[in-house]
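Report on one structure; see the data block that follows.
The values are calculated or read from the model by the stated rules, or taken from the named source; none is laboratory data. Everything numeric in this text was worked out from a predicted model, so none of it was measured. Counting neighbours? That spans all protein chains shown, and the Cβs are built from the backbone with ideal geometry, glycine included. Protein only, heavy atoms only, side chains kept; ligands, DNA and RNA dropped before computing areas. Shrake-Rupley method; radii C 1.70, N 1.55, O 1.52, S 1.80 Å.
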Amino acid sequence: MRRVEGYAHLYERDGRYVIRLQVPARARARIGKRELKSSIGGDFVVAKKRYPEVLGKLRAMVDIPDDQSG
């Protein structure tokens, strides 16, 4: 898997683009993972367009306060 230059969390593997986001230690127990991943397709043009939206959703998952449910 290689990192795509210019995109901090975008990686390419076997022609597919994936966003990888490390989960902070404080949120790992709640989320149950050390890393969140989301495939955003095999076309770089489409991946570039989807990148901000999907990365925002992953970041929102990490930033939800521990005392909130649902």
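Among the residues of segment 1-45, what is the count of those that are over 11 Å from residue 62 (Cβ atoms), loosely packed, with under 15 Cβ neighbours inside 10 Å and acidic (Asp, Glu)? Here the count works out to 3. Within segment 49-70, being within 25 Å of residue 39 (Cβ to Cβ), open to solvent by 50 Å² or more (accessible area, probe 1.4 Å) and either among the aromatic types (Phe, Trp, Tyr) or modelled with pLDDT under 90 (or both) holds for 63, 64.
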